[in-house]
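Engineer: This is the structure I want to talk about, given as structure tokens.
Bear in mind that the values in this text are calculations on the coordinates, not laboratory data. Quick caveat: nothing in here was measured; it's all calculated off a predicted structure. Cβ placement follows ideal geometry from the backbone for every residue including glycine, while neighbour counts extend to all protein chains displayed.
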Amino acid sequence: MAADRERSQRVDAEYISSVCTRISQNINRVIVGKGEAVELLLVALLSEGHVLIEDVPGVGKTILVRAAASSLGCSFSRIQCTPDLLPSDVTGVSVYDQAKGEFSFRPGPVMTQILLADEINRATPRTQSSLLECMAERQITVDGRSMKLPRPFLVIATQNPVEYEGTFPLPEAQLDRFFLKLRLGYPSEAEESEILERLQYGHLIENLEACTDPDTFVAMQEAVKDVFVEDSVREYIVRVTAATRRHQDVVLGASPRGSLALFRGGQALAALRGRDYVLPDDIKRIAVPVLSHRLILKAESQLRGKSAEQVVQEVLQTTPVRFEKFGEED
């Protein structure tokens with residue numbers, strides 16, 4: 001325990017926090033009133049986790065992703081998912097080169113650092129599954145040849161929760177690979193007025209400059225793994241996840257991957273806020289976006305209007321934090 005604590009003290013949380021603050025401010029130059037979503041996106045980025053953004057069209061999902069890629073100095077690709085999209089359109093394809101007399105690989109859009117899969121639920125299950133390997137293993141396999149993806153690598157997928165015609169709902173295995181799920185929501189009237197003022201002469205996204213570089217951010221991702229997690233906080237994470245499996249409204253609770261996401265997300269949020277140790281409040285802050293999309297509710301509970309977000313909130317309210325002492329905070 002002492003060795004773990006000594007190791008965590010080498011984490012320069014203040015530096016990570018300052019860089020993330022600059023990134024957040026840069027993104028907020030083109031995104032109005034979405035500070036909470038930006039913070040959660042940075043938590044996912046620091047945790048090397050993938051993000052599902054579920055919201056109606058026109059609220060800034062694509063701009064948020066482009067702004068994050070520009071702020072990090074990362075390469076960016078976009079896939080517009082449609083029913084006729086093939087797996088090879090995502091991963092790439094081997095093409096015979098007559099001049100050389102051999103096959104050459106033409107990489108697909110997945111060979112990038114930040115990939116936007118727009119309206120992912122419009123792609124067929126076969127194409128959706130082509131993203132599973134790259135999301136889990138950070139590599140692709142084409143014609144028996146495996147290729148590593150660049151770092152950092154992040155898949156951000158969007159889907160429209162209103163229009164279901166011509167869509168293919170994501171299976172549980174695919175949903176479980178997303179680190180967290182976001183909703184942006186409509187802006188307030190004051191925020192919408194500010195959007196109109198900012199965009200009168202064009203979009204600021206075209207002139208957005210990088211705040212850091214990919215290598216520096218990868219080093220930050222590695223440093224976040226050393227953020228200290230006290231045994232009682234680790235136990236709290238496990239009890240919260242286990243409680244989702246026992247809840248009366250749940251058919252399928254969060255998987256161990258959900259526990260790991262809470263653990264990694266807590267470390268990232270702590271570092272983002274300038275701390276080298278995780279508090280239970282960090283876990284409570286990210287529990288809903290990290291766990292809710294992993295739950296399957298009973299049909300009768302859904303008919304009563306119960307949501308997965310409400311279930312996670314109930315779990316947090318009924319699962320006490322048990323620790324004797326944690327640093328200087330209780």
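Engineer: Give a quick list of GluC sites (Glu not before Pro) in the range 204-280 that DSSP marks as loop, anything other than H, G, I, E or B, with at most 12 other Cβ atoms within 10 Å.
Structural biologist: Answer in residue order: E209.
Engineer: Counting only Cα, what are the radius of gyration and maximum Cα-Cα distance Dmax of the range 23-121, in Å?
Structural biologist: Expressed in Å, the Cα Rg and Dmax of the range 23-121 come to 16.6, 56.
Engineer: Which translational diffusion coefficient, to the nearest whole µm²/s, is obtained for the range 2-318 from the Stokes-Einstein equation, given a Kirkwood hydrodynamic radius over C-alpha pairs, 4 °C and 1.567 mPa s? Each step should come with its number before you reach the end.
Structural biologist: Numbers: Rh = 20.7 Å.
The calculation lands on 62 µm²/s.
Engineer: Could I ask something else about it? If you build the convex hull over the alpha carbons only and average its shadow over all orientations, what do you get for the range 45-197? Give it in nm² to one decimal.
Structural biologist: 11.3 nm²
Engineer: I need the phi-derived Karplus couplings for the range 293-310: 6.51 cos²θ - 1.76 cosθ + 1.60, θ = phi - 60°, integer Hz, Gly and Pro marked x.
Structural biologist: 6, 8, 9, 10, 8, 5, 4, 5, 5, 5, 5, 7, x, 6, 10, 5, 4, 5
Engineer: May I ask you to list the residues of the range 221-242 whose amide nitrogen lies under 12 Å from a point 7 Å from Cα along the Cα→beta-carbon direction of Y15?
Structural biologist: Of the residues in the range 221-242, 221-224 have backbone N under 12 Å from the label point off Y15.
Engineer: Also, I was wondering about something else. Using unit Cβ charges (K, R positive; D, E negative) and no other charged atoms, how large, in debye to the nearest 20, is the dipole of the range 2-318 about its Cα centre?
Structural biologist: Numbers: 36 positive and 43 negative charges, 135 e Å.
It works out to roughly 640 debye.
Engineer: Sticking with this one: Determine the gain in length on full extension of the stretch Q200-R138; use 0.36 nm per residue of separation and subtract their C-alpha separation, reporting nm with one decimal.
Structural biologist: Gain on extension, Q200 to R138, equals 18.3 nm.
Engineer: So between N28 and S104, what do we pick up on full extension, going 0.36 nm a residue minus the alpha carbon distance?
Structural biologist: In short, 23.2 nm is gained.
Engineer: Follow-up. For the chain, what does -39500 (n - 2.57) per DSSP helix run (n ≥ 4), summed and divided by total residues, give at 222 nm, in deg cm²/dmol to the nearest 500?
Structural biologist: The helix-only estimate for the chain comes to -13500 deg cm²/dmol at 222 nm.
Engineer: Sequence-distant or interchain residues sharing an amide H contact under 5 Å with V142, placed H: which?
Structural biologist: M147
Engineer: Can you pull out the chymotrypsin sites (Phe, Trp or Tyr not before Pro) in the range 135-202 that DSSP calls coil and that have at most 12 other Cβ atoms within 10 Å?
Structural biologist: Sites meeting the loop and neighbour criteria: Y164, Y201.
Engineer: Ranked from highest to lowest mean number of other Cβ atoms within 10 Å per residue, what is the order of the peptides 311-321, 186-196, 44-54?
Structural biologist: Most protected by this proxy first, the peptides run 44-54, 311-321, 186-196.
Engineer: Of all beta bridges DSSP finds with both residues in the range 2-318, what is the antiparallel percent, to the nearest 5?
Structural biologist: Antiparallel: roughly 40 percent of the beta bridges in the range 2-318.
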